[in-house]
Each structure stands twice: as structure tokens, then as C-alpha cells.
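Have a look at the structure below, then the notes.
The values are calculated or read from the model by the stated rules, or taken from the named source; none is laboratory data. Keep in mind that what you see is a predicted model, and the values were worked out from it rather than measured. Reconstructed Cβ throughout: ideal geometry from the backbone, glycine too, with neighbour counts over all protein chains shown.
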Amino acid sequence: GDSVTQMEGPVTLSEEAFLTINCTYTATGYPSLFWYVQYPGEGLQLLLKATKADDKGSNKGFEATYRKETTSFHLEKGSVQVSDSAVYFCALSGRNAGNMLTFGGGTRLMVKP
Amino acid sequence: KAGVTQTPRYLIKTRGQQVTLSCSPISGHRSVSWYQQTPGQGLQFLFEYFSETQRNKGNFPGRFSGRQFSNSRSEMNVSTLELGDSALYLCASSPGQGKGYTFGSGTRLTVV
């Protein structure tokens with residue numbers, strides 16, 4: 001079945017540091033890929049998405065590129081802020097799975113001033 | 001534009017009881033899904049509804065059920081609660097396949 005693997009956290013960075021959170025997936029065909037963010041006590045917010053190979057999703061300074069050849073969708077940000085501290089989830093929606101999302105385990109990011 | 005609304009935000013129930021959680025999707029969204037989030041298992045898919053029909057179901061026991069009404073609002077029910085059912089239950093709505101979901105803030109269920 002479909003699966004998503006993302007790097008375990010926590011990831012601790014200083015403000016203005018470069019962020020990379022790795023995400024790789026296994027799926028049949030060409031899934032849609034997503035990054036969600038969860039702040040404490042809240043639900044998930046869609047951060048960005050990509051629906052086909054080589055697509056780049058971007059939002060709020062975050063970027064991720066759909067790499068079919070490496071089945072990856074790594075999240076990057078050039079300069080993190082304290083307000084970026086949250087848990088980040090990589091997810092996919094397989095073509096044969098209706099609209100169901102399969103999530104990775106989540107990566108907690110802590111940004112220190 | 002209102003987001004996905006889940007009620008109640010918090011619930012405390014006793015083992016053996018049953019519970020009903022409610023979700024109002026974004027206006028115009030006909031697909032509603034439910035997920036369970038726990039520290040041990042992470043985010044797990046419960047079920048998806050589209051136009052009042054269950055389109056997909058996760059690997060949960062039959063104690064977990066749901067339904068969707070004609071106005072796209074959805075409810076999920078858990079009967080004979082167990083301690084392990086303590087979790088954050090997230091509802092999400094979507095405008096269509098592959099377009100991603102908008103999540104509600106969740107209902108935190110504690111079973112004692």
C-alpha cells in the first residue's frame with residue numbers, strides 16, 4: 001500500500017537558519033503530494049501541494065518539489081522564524097485511493113531566537 | 001469564508017459509553033473525511049464520505065461509524081469506548097480529488 005516516510009524530529013534550528021525536512025513516498029502511479037503544518041492545539045493546515053512530477057509547491061517561504069525519480073518531496077525554507085515552530089506532516093493522495101490522505105509520522109521543528 | 005467546524009472541542013467519556021462527533025465542512029465541499037491522531041499511531045484515516053455515501057474506509061473496528069447528511073455535514077460515532085480511543089479526531093473537507101483537504105481544529109476525546 002501507499003506509505004510516506006519523513007525524517008524524525010525534533011529538528012532544532014536557530015532563527016534565520018536553512019530548513020530541510022526530508023520526505024519520501026511509496027505509491028502506485030502518480031499521487032498528489034502535500035505538506036501540512038500543525039501548530040499546538042490546532043488542526044492541520046495545508047502548507048503546499050504538488051500534483052505532478054517536477055511541480056514545485058510554495059507558500060510562506062516554504063518550497064517543495066515533486067521528484068518522481070527519487071520519489072521525494074522534501075520541504076525547504078531559506079530562513080526560518082520562531083513562528084515556524086510546529087509539527088510538519090508530509091502526505092500523499094494516491095490515484096486509486098479516492099481522496100484518502102496517507103501521512104508520514106510528522107517532524108517537530110523548534111526554532112530558537 | 002467559514003472553515004471546517006468541529007464540535008465539541010473537548011469530550012471526556014467513560015469506558016463503555018458511546019460518543020458522537022460533528023463536523024460542518026466548508027460550504028460547497030462535498031467530500032468529508034475523518035482522521036484519528038494519537039501520539040503512538042500518528043494520523044490514521046477513518047473514513048471518507050461523498051454525497052452521503054461512504055467512499056472509503058480505514059482499518060478500524062466496526063465500533064467506528066459515520067454518516068453524511070444531504071447538506072454535507074458529517075458525524076462520526078464510536079460505540080463501546082475503550083481507553084485506546086482517546087485521541088484527537090480531525091475532520092477535513094475537500095472540493096475534489098487531489099485538491100487537498102482543509103482540516104478542522106479537531107475534537108479531543110478522552111476516555112477514562
Problem set entry | Matching residues, segment A:92-108, being within 11 Å of the chain's Cα centre (by Cα) and assigned to a loop (DSSP other than H, G, I, E, B) | A:Gly104, A:Gly105, A:Gly106
Seminar exercise, completed: In the set A:Val87, A:Val111, the lone residue that is surrounded by fewer than 22 Cβ atoms within 10 Å (Cβ to Cβ), more than 16 Å from the chain's Cα centre (by Cα) and either within 17 Å of B:Ser94 (Cβ to Cβ) or among the hydrophobic types (A, V, I, L, M, F, W, C) (or both) is A:Val111
Seminar exercise, completed: Subset of segment B:1-33, residues in contact with an Asp or Glu (Cβ under 8 Å, 6 or more places away or on another chain), of a type outside the set (Gly, Ala, Ser) and within 14 Å of chain A (Cβ to nearest Cβ), comes to B:Leu21, B:Cys23, B:Val32
Exercise. Out of all the residues in segment A:36-46, which are more than 7 Å from every other protein chain (Cβ to nearest Cβ) and either surrounded by 20 or more Cβ atoms within 10 Å (Cβ to Cβ) or charged (D, E, K, R) (or both)?
Worked result: A:Tyr36, A:Val37, A:Gln38
Exercise. A:Val37: in contact with a Lys or Arg (Cβ under 6 Å, 6 or more places away or on another chain) and closer than 23 Å to B:Pro39 by Cα, yes or no?
Worked result: no
For this session: Select from segment B:57-112 the residues that are among the basic types (Lys, Arg) and in a loop (DSSP other than H, G, I, E, B) and write down the one among them that is farthest from the other protein chains (Cβ to nearest Cβ).
Result: B:Arg63
Problem set entry | Total residues in segment B:61-112, condition of a type in the set (Ser, Thr, Tyr), surrounded by 16 or more Cβ atoms within 10 Å (Cβ to Cβ) and free of Cβ contacts under 8 Å to residues at least 40 places away in the same chain | 1
Exercise. In this structure, does B:Leu21 turn out to be among the aliphatic types (A, V, I, L, M) and closer than 21 Å to B:Thr80 by Cβ?
Worked result: yes
Exercise. When A:Arg95 is evaluated against the numbered criteria (1) charged (D, E, K, R); (2) more than 12 Å from chain B (Cβ to nearest Cβ); (3) out of contact with any helix residue (DSSP H, G or I) (no Cβ under 9 Å at 6 or more places or on another chain), which criterion, by number, is the only one it fails?
Worked result: (2)
Exercise. Considering only segment A:1-41, how many residues are assigned to a loop (DSSP other than H, G, I, E, B), at pLDDT 95 or above and of a type in the set (Gly, Ala, Ser)?
Worked result: 1
For this session: Please verify whether segment A:48-55 includes one or more residues that are of a type in the set (S, T, N, Q), surrounded by fewer than 21 Cβ atoms within 10 Å (Cβ to Cβ) and more than 14 Å from chain B (Cβ to nearest Cβ).
Result: no
For this session: Pull up segment A:57-91, narrow it to residues that are assigned to a strand (DSSP E or B) and in contact with an Asp or Glu (Cβ under 6 Å, 6 or more places away or on another chain), then point me to the one that is nearest to A:Pro31 (Cα to Cα).
Result: A:Glu63
